[in-house]
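Encoded as structure tokens, the structure appears first; notes follow it.
Derivation of every value follows stated rules applied to the coordinates shown; laboratory data play no part. Keep in mind that what you see is a predicted model, and the values were worked out from it rather than measured. We place every Cβ from the backbone using ideal geometry, glycine too, and count neighbours over all the protein chains shown.
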Amino acid sequence: MPETPERPGDLETPDPASGKATSAFPSEIAAGIACVFPLVGGVVMLLLERRNRFVRFYSIQSILLATIWIVSWVAAVIAMWIFRTIPFIGSPLAGLLWFFWGLVGLVFFVVWLVQLIKAFTGTKWEIPYLGDMANDFLESDGQSHPTAEQ
């Protein structure tokens, strides 16, 4: 049976009926802020929000996505610099890597956009691998993970 998406009101909040986070924002807005500004917004909302699992999940996932994007970008810049030092084939290799990085950047943009839309609509969406890492962090932080019927 397919899993039903979690809604902010279904998660652990101070007032389950309101769906509000402990911060001044509703859960959807707080999670959206964490996604709009991936690294900074994620860290700020993670520090501000202590109870709402929905907001904390999107904050952690946003931090992870931004970190991977930054590390990938730095690696690509270093690789392009190294390739350009190779005589004759270095420039074509750097150009090929530049093209590949453009495709990777497009994938990062699409994933970021989907995450942003899902956060603002209040639907939990796990980025493959990153969602599992965010859930593991929340579980180690003492927040229980709702189990889905299988």
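Legend: ranking of residues 91, 27, 140 from fewest to most surrounding C-beta atoms inside 10 Å; resulting order 140, 91, 27. Length gained on full extension, residue 73 to residue 132, computed as 0.36 nm times the residue gap minus the Cα-Cα distance: 18.9 nm. Extension gain for residue 110 to residue 47 (0.36 nm times residue separation, less C-alpha to C-alpha distance): 20.0 nm. Each of the peptides 42-50, 131-139 was scored by the mean count of other Cβ atoms within 10 Å over its residues; in descending order, highest first, they stand as 42-50, 131-139.
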